[in-house]
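This report refers to the structure that appears directly beneath it.
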Amino acid sequence: MNVKSKQSIILYFAVFLLAFGSGVLLFIAWIIIRTNIEDLLRLDIISGTLFLIWIGLLPLILVGEHLRGIVIREDHLELSYLFGLFRTKHYFTNLKQNQYWYHNEGVVVETESGYQFTLGQKQYRNYSELRNLIDEKIDKSDELTLRRFTRTLKILTVSGVIILTAFVISLNV
């Protein structure tokens, strides 16, 4: 069964603009590195360049996690990210699911590695059919709760704080 997303052309256009803006920031970081190659070990150049790279990659990583395709097969669930460039296969025996309420009804599914993804009512056109199929194939776990602060967000936040702190310190020196 293919999952029918409610994503529209406007969303894809917004993602394109976001990717273009991130690309411009990454290009500027590349120019900074190229023009300051002999002074590259200065803290202000390193931290400023890392900050630009972080700002450029942040939206791409966050949006990339939500641009996913879902296909439900007989014995496994297949997730594809970034328009099918990355694919993962998860067998139903290794998955747990539970219902959540956050502005609307949804399902949170957790893989064997602890990675969680959500399927919301307002995200998919065939949500009720999808919900019935997930209830049928994946065991419900009452102790499973939706984690809003994921591992990716933790890594991005900690690295951003460290890079920004180094950048501010280097500007004051």
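The values are calculated or read from the model by the stated rules, or taken from the named source; none is laboratory data. No experiment lies behind these values; they were computed from the predicted model shown. So basically every Cβ, Gly included, is an ideal-geometry build from the backbone, and we count neighbours across all protein chains shown. For the accessible areas, the whole protein counts, side chains as well, though only heavy atoms, and no ligand, DNA or RNA atoms are used. Shrake-Rupley method; radii C 1.70, N 1.55, O 1.52, S 1.80 Å.
What to note about this one:
- In the range 78-93, the residues that are closer than 18 Å to residue 119 by Cβ reach residues that are small (Gly, Ala, Ser) and part of a strand (DSSP E or B) with C-beta atoms within less than 9 angstrom, at least six apart or across chains, in these pairs: 78/69; 79/69; 80/69; 81/69; 87/69; 87/80; 88/80.
- Each residue in the range 96-114 was checked for being in a loop (DSSP other than H, G, I, E, B) and either aromatic (Phe, Trp, Tyr) or open to solvent by 40 Å² or more (accessible area, probe 1.4 Å) (or both), and 4 of them qualify.
- Listed by first and then second residue, the pairs linking a residue in the range 127-150 that is under 21 Å from residue 112 (Cβ atoms) and modelled with pLDDT under 80 to a residue that is among the polar types (S, T, N, Q) and part of a loop (DSSP other than H, G, I, E, B), with Cβ atoms under 8 Å apart and 6 or more places separating them unless they lie on different chains, form an empty list.
- Verdict on residue 14 being at pLDDT below 85, out of contact with any strand residue (DSSP E or B) (no Cβ under 8 Å at 6 or more places or on another chain) and part of a helix (DSSP H, G or I): yes
- Members of the range 115-140 that are open to solvent by 20 Å² or more (accessible area, probe 1.4 Å) and assigned to a loop (DSSP other than H, G, I, E, B): 115, 121, 122, 123, 125
- Every condition in (1) in a helix (DSSP H, G or I); (2) open to solvent by 90 Å² or more (accessible area, probe 1.4 Å) holds for residue 89 except the one numbered (1).
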